[in-house]
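Take a look at the structure below.
The values are calculated or read from the model by the stated rules, or taken from the named source; none is laboratory data. This one's a predicted model, so the numbers in the text were calculated from it and none came from an experiment. Cβ placement follows ideal geometry from the backbone for every residue including glycine, while neighbour counts extend to all protein chains displayed.
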Amino acid sequence: MYEVLNNMRRKGVENRKNLLADFEKMSEDPMEVQKKLLLDLMEENKDTEYGKKYGFAEINSVEEYQKCVPITEYDDYSGYIEKMCNGAENLICSIKPVWYNKTSGTVGEPKKIPYTQATRDRFNYYSLGYQSCLLHKALGEKYFGGRFLNLIRCGGDIIKLPDGTPFGPLSEASLRPYIDKWEHIYSTPAEATFAPTGTDTRYLNARFALCDKDINNVNCSFTGFLLDFCRYIEKNWKMLVKDIEKGVIDESIELPNDIREKITKKITPMPERAAQLKSIFEQGFETPFIPKVWKNLNYVVGGASASFSRYTREIRTRYLGNEIAFYYRGISASEGIFTVPLELASDESALIPNSLFYEFLPLEEENSQPVTMDKLEIGKEYELVITNHSGFYRYRMKDVILVTGVHNRLPLVEFRYRIDKTVSLMGEKTTELAVRVAAEKTAEECGFLLVDSSVYPDTDSIRYVFIMEIDRIPKNLTEDEIAASLEKNLAKVNPSYGDKVQSGLIKPVKLCFAQPETYVLYKEIMLMKGNSIAQLKPVTVIGNEAQKKFFFALTDSFESIKGTID
């Protein structure tokens with residue numbers, strides 16, 4: 001039944017059978033790999049406008065590179081990129097980009113991140129090849145089996161720039177090549193993945209997944225999307241089971257007419273499967289339902305960095321159980337793929353020596369100079385600075401990583417937070433990681449489920465305004481108790497904040513409550529606007545006027561929220 005799919009997967013593993021051994025070999029002297037990569041990039045790009053400006057032809061060492069080439073940000077390239085989009089070549093990179101990635105969360109004109117074939121090759125090699133080899137090594141024959149449940153949505157518009165290069169979310173380019181074999185690979189219909197505005201993709205994903213008892217694995221950009229999927233099934237299982245039994249789509253489901261017509265042709269009544277599902281869901285959700293619904297589901301692939309750790313814990317304890325394996329994707333961005341895990345369910349991942357050239361800015365030192373990977377210290381945090389195959393040189397990612405260990409001579413790291421998402425009203429510098437920890441600790445102490453939360457740094461009243469979407473609220477819990485717990489936990493995670501509240505420089509925290517499904521709605525709107533699902537990170541810090549207007553428009557009183565949930 002799944003011959004086409006498993007033949008593809010077995011062939012992929014066989015073709016890359018030496019991949020893990022090659023990576024292990026690189027880990028023995030990663031700095032040598034780094035030096036070669038850097039000098040190769042200098043040679044390849046010495047005749048570009050940027051290469052001539054900074055003397056790439058005369059650079060023969062890492063030290064010379066650091067001396068001659070400045071640290072950069074996107075604005076240093078925007079002028080070049082606009083010219084490239086209009087047909088100019090050989091400006092920052094000798095290779096013409098095959099795509100421009102549209103970044104999310106920018107105000108005004110979105111950024112265009114160049115993406116060359118060399119960058120694409122490294123993405124494919126490590127995000128697909130390495131992943132399949134590590135999973136096969138860990139799971140053996142369990143790696144093969146039924147279809148995938150795909151929770152990656154590609155709804156953004158792809159436009160052709162004046163020079164003919166596509167511009168849009170990279171997820172679209174990654175998945176569309178599989179369209180001809182789609183139904184052999186995925187349980188989710190293509191109409192749910194390449195979805196136009198006005199498509200209820202959560203319903204389609206859930207309905208078709210529940211029909212397919214043989215699903216082998218789940219593929220999502222980040223674990224938060226799997227959590228949304230599970231919560232949706234928990235709240236809507238009666239409607240889903242009814243529709244599966246009768247072979248219909250509930251009239252309340254929002255779908256464009258042409259999509260509804262296409263989907264309706266793909267469904268038939270499945271009374272036996274509906275009866276199985278009804279029996280499972282009527283048992284309640286006190287124990288994980290996923291192993292009962294999909295007995296052959298063996299692993300989940302998704303990003304599970306610090307931003308998503310709370311989601312991952314809830315998925316594991318409430319929905320997934322302990323037997324299903326987790327492959328936590330490493331750190332990647334539009335600019336390249338940076339790390340891969342060395343084992344399953346590992347929060348730390350290893351830097352990829354032959355993907356990009358890395359430098360690291362120590363955070364704790366004033367006016368610090370970037371260091372290379374051989375100079376990293378375990379236990380310290382650094383800002384990531386990269387040189388890639390798409391024309392970015394000594395480019396500040398504004399991502400902070402923690403060095404957690406070493407494998408042979410290869411550093412192991414964890415993503416911590418974004419530098420540009422730090423809150424500092426009076427110099428207290430509260431990181432988004434600290435904000436998340438304070439909110440999670442408050443939920444734990446007060447006994448409610450934290451669906452999601454954000455903080456708005458109110459510069460007018462000089463205070464933190466927290467927005468929380470919560471569920472399963474204890475009957476006697478009060479708003480004042482939540483606020484007191486949150487204030488205490490903020491002071492614990494950042495003593496500087498506590499000191500400034502105590503001295504009156506910052507007013508005590510103000511608490512607001514989001515209406516149910518506010519954060520799901522925000523994601524849907526961002527996808528409708530063409531943002532890549534791979535870049536939709538949690539809005540831990542409200543950083544622009546559009547986010548502020550959206551979230552505050554959907555707040556309500558604590559009593560109203562309690563009444564809605566009850």
- Item | Residue satisfying condition, being within 26 Å of the chain's Cα centre (by Cα), in a helix (DSSP H, G or I) and farther than 30 Å from residue 328 by Cα, within set 552, 513 | 552
- Has the stretch 358-378 got any residue that is within 30 Å of residue 137 (Cα to Cα), crowded, with 20+ Cβ neighbours inside 10 Å and within 22 Å of the chain's Cα centre (by Cα)? yes
- Flag for residue 390 being closer than 30 Å to residue 332 by Cβ, in a strand (DSSP E or B) and of a type in the set (S, T, N, Q): no
- Evaluate the stretch 46-69: report whether one residue or more is crowded, with 18+ Cβ neighbours inside 10 Å, under 30 Å from residue 130 (Cα atoms), touching a helix residue (DSSP H, G or I) at 6+ places or on another chain (Cβ under 7 Å) and not small (Gly, Ala, Ser). no
- Taking the stretch 316-354 and keeping only residues that are in a helix (DSSP H, G or I) and either under 19 Å from the mean Cα position of the chain (by Cα) or among the β-branched types (Val, Ile, Thr) (or both), one is left with 316, 317
- Item | Sole exception among (1) at pLDDT 95 or above; (2) of a type in the set (D, E, K, R); (3) under 18 Å from residue 415 (Cβ atoms) for residue 374, by number | (3)
- When restricted to 215, 159, 179, 185, the only residue buried (at least 21 other Cβ atoms within 10 Å of the Cβ) and either touching a Leu at 6+ places or on another chain (Cβ under 8 Å) or more than 27 Å from residue 328 (Cβ to Cβ) (or both) is 215
- Note on the structure: Note on the stretch 276-313: residues of a type in the set (Gly, Ala, Ser), more than 19 Å from residue 151 (Cα to Cα) and within 27 Å of the chain's Cα centre (by Cα) are 306
- Message: If the requirement is being assigned to a loop (DSSP other than H, G, I, E, B), under 30 Å from residue 539 (Cα atoms) and aliphatic (A, V, I, L, M), which of these qualifies: 253, 249?
- Response: 253
- Inside the stretch 300-315, the number of residues satisfying the requirement of being hydroxyl-bearing (Ser, Thr, Tyr), assigned to a helix (DSSP H, G or I) and modelled with pLDDT under 85 is 3
- Task: Sort through 206, 173 and tell me the only one that's without any contact (Cβ under 8 Å) to a residue 40 or more places away in the chain, under 18 Å from residue 221 (Cα atoms) and small (Gly, Ala, Ser).
- Result: 206
- Message: Regarding the stretch 48-60, can at least one residue be identified that is among the basic types (Lys, Arg), within 31 Å of the chain's Cα centre (by Cα) and part of a helix (DSSP H, G or I)?
- Response: no
- Item | Of residues in the stretch 111-156 being crowded, with 20+ Cβ neighbours inside 10 Å, closer than 27 Å to residue 227 by Cβ and of a type in the set (Lys, Arg), the one modelled with the lowest pLDDT | 153
- Which numbered condition trips up residue 138, out of (1) part of a loop (DSSP other than H, G, I, E, B); (2) in contact with a strand residue (DSSP E or B) (Cβ under 8 Å, 6 or more places away or on another chain); (3) small (Gly, Ala, Ser)? (1)
- Applying the selection to the stretch 465-499, what residues are in a helix (DSSP H, G or I) and touching a strand residue (DSSP E or B) at 6+ places or on another chain (Cβ under 7 Å)? 479, 482, 483, 486, 487, 490, 497
- Find the residue count for the stretch 175-217, including only residues that are in a helix (DSSP H, G or I) and in contact with a Cys (Cβ under 8 Å, 6 or more places away or on another chain). 3
- Evaluation of residue 273 against (1) exposed (fewer than 15 other Cβ atoms within 10 Å of the Cβ); (2) under 21 Å from residue 148 (Cβ atoms); (3) at pLDDT 95 or above (one fails), failing number: (1)
- Taking the stretch 459-474, which residues are at pLDDT below 95 and more than 17 Å from residue 235 (Cβ to Cβ)? 459, 460, 461, 462, 474
- Task: Give the residue that is farthest from residue 79 (Cα to Cα), with candidates limited to residues of the stretch 385-440 that are polar (S, T, N, Q) and surrounded by fewer than 20 Cβ atoms within 10 Å (Cβ to Cβ).
- Result: 408
- Note on the structure: Reported set for the stretch 11-31 where residues are in contact with a helix residue (DSSP H, G or I) (Cβ under 9 Å, 6 or more places away or on another chain) and assigned to a helix (DSSP H, G or I) is 12, 13, 15, 19, 20, 23, 26, 30, 31
